[in-house]
Amino acid sequence: MPAPMPTVGYSEARARWSEVTKRVIEGKTAVTVIKNNKPAFVMVPIGDYAAMAGSPRDRAFLDIADEVTEEYADVLEKLAR
């Protein structure tokens, strides 16, 4: 049985955006964001999203995005601050 998906409240996700996104990216773990006591959306690692994407073209774009994100991770981290 897979481990339950971590959840975080919407306000907490906004306040701790860097920490939550780091958990998704580095931990390769999806996180459910709750708003008004209901799941609002799920943040998923790009690889998981690519696996869910329909067409090979969609996956190709996501692979490129993933490569760019990895290559420029240091720059993106500085911009996120």
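How would you classify segment 1-44 from its alpha-carbon gyration tensor, with a ≥ b ≥ c the square roots of the eigenvalues: rounded for a/c under 1.5, else prolate if a/b is greater than b/c, otherwise oblate? Oblate, since a/c reaches 1.5 and b/c is not below a/b. What shape does the chain have by the C-alpha gyration tensor, where a ≥ b ≥ c are the square roots of the eigenvalues, rounded means a/c under 1.5, and otherwise prolate means a/b greater than b/c and oblate the rest? It is oblate, given that a/c is not under 1.5 and a/b is not larger than b/c. Please find the FRET efficiency linking residue 66 to residue 38, where r is the Cβ-Cβ separation and R0 is fixed at 30 Å, and quote it to the nearest 0.05. Efficiency for this residue pair is about 0.50. Sketch the reach of a paramagnetic label on residue 73 as a point 7 Å from Cα along Cα-to-Cβ, and name the residues of segment 3-28 whose backbone nitrogen lies under 17 Å away. Output list for this probe position: 18-28.
Is any helix in the chain, taking whole DSSP H runs, at least 18 angstrom long along its axis by alpha carbon and on average at least -1.0 on the Kyte-Doolittle scale, and which ones? Passing helices, by number: 56-71.
Bear in mind these aren't lab numbers, they're just calculated from the coordinates by the rules spelled out. Not measured: the values here are computed from a predicted model. Quick reminder, even Gly has a Cβ in these numbers, built from the backbone with ideal geometry, and neighbours come from all protein chains shown.
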